[in-house]
Structures are given as C-alpha cells and as structure tokens.
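Single-structure report; data block below.
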Amino acid sequence: MKRNGTSQRKRTGKRRAVANPEWTDATFARARPAAEVLPTIIGKPAAERLLRLRGRPPTGRARVAISLRLPPETLARWKATGPGWQTRMAEVLDKAV
C-alpha cells in the first residue's frame, strides 16, 4: 500500500533508523551506567527495585551440576522425604566419604 508516494516499508524503516540510531564513539563516551541515571529518571525507590540483583545469592560453597544414574526406587525414596531431598542427599554423601 502506498501513501504519499512512499511504501509503508520505507516509512517504517526510516522511522526505525531515527528511533534507534547507530551508536558512535561519541555516543559511547556520553553513556552512563543505569545505576547513575535511573534514579533521576524514574525515582530512587523504583530504580532500586529495578537494579536489585536477581537470583540466588552467591555462597562460599558453590555447587556443581552432575549427571548421576540411580535406581528408580532409590530416587523415589529420596523424593518421598519431601522438599530439600537433594540437600539431604548431598549431606549423607558428604558424611559417607
């Protein structure tokens, strides 16, 4: 469909280029970290919520993922003990070694 002698695709592409210009060395030089600029844009409480670290907090004892083949009955018995069964299993293995 044409409007004013230009196609929609060309107009959209042009608008996109203006809305999202390519970054230059000068643009990178002016850039500031989000923690520095967000409080002035959206307020300190909202910025703190956005910038809060996500996920499980790091601990001194990092875990390693492995693949372990167990008999189905053994796994079913551990799972039947309820939430935290993997931690309990790790504790038993740690004591056994």
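A short reminder: the numbers here are calculations on the coordinates, not readings from a lab. As the structure is a prediction and not an experimental result, all values here were calculated from the model. Virtual Cβ from ideal backbone geometry, glycine too; neighbours counted across all protein chains shown.
Enumerate the pairs (first residue in the range 18-41 and free of Cβ contacts under 8 Å to residues at least 60 places away in the same chain; second residue anywhere and of a type outside the set (Asp, Glu)) with beta-carbon separation below 7 Å, excluding pairs fewer than 6 apart on the same chain, so at least 6 apart or on different chains.
ALA34/LEU51; ALA35/LEU51; LEU38/ALA47; LEU38/LEU50; LEU38/LEU51; PRO39/ALA47
With loosely packed, with under 10 Cβ neighbours inside 10 Å and more than 21 Å from ASP94 (Cα to Cα) as the only criterion, which of ALA26, ALA35, ALA46 stands out? Break it down stepwise before answering.
Numbers: ALA35 fails: loosely packed, with under 10 Cβ neighbours inside 10 Å; ALA46 fails: loosely packed, with under 10 Cβ neighbours inside 10 Å.
The unique qualifying residue is ALA26.
From LEU75, LEU68, grab the single residue that is within 30 Å of LEU93 (Cα to Cα), out of contact with any Ser or Thr (no Cβ under 7 Å at 6 or more places or on another chain) and surrounded by 10 or more Cβ atoms within 10 Å (Cβ to Cβ).
Working: LEU68 fails: surrounded by 10 or more Cβ atoms within 10 Å (Cβ to Cβ).
The unique qualifying residue is LEU75.
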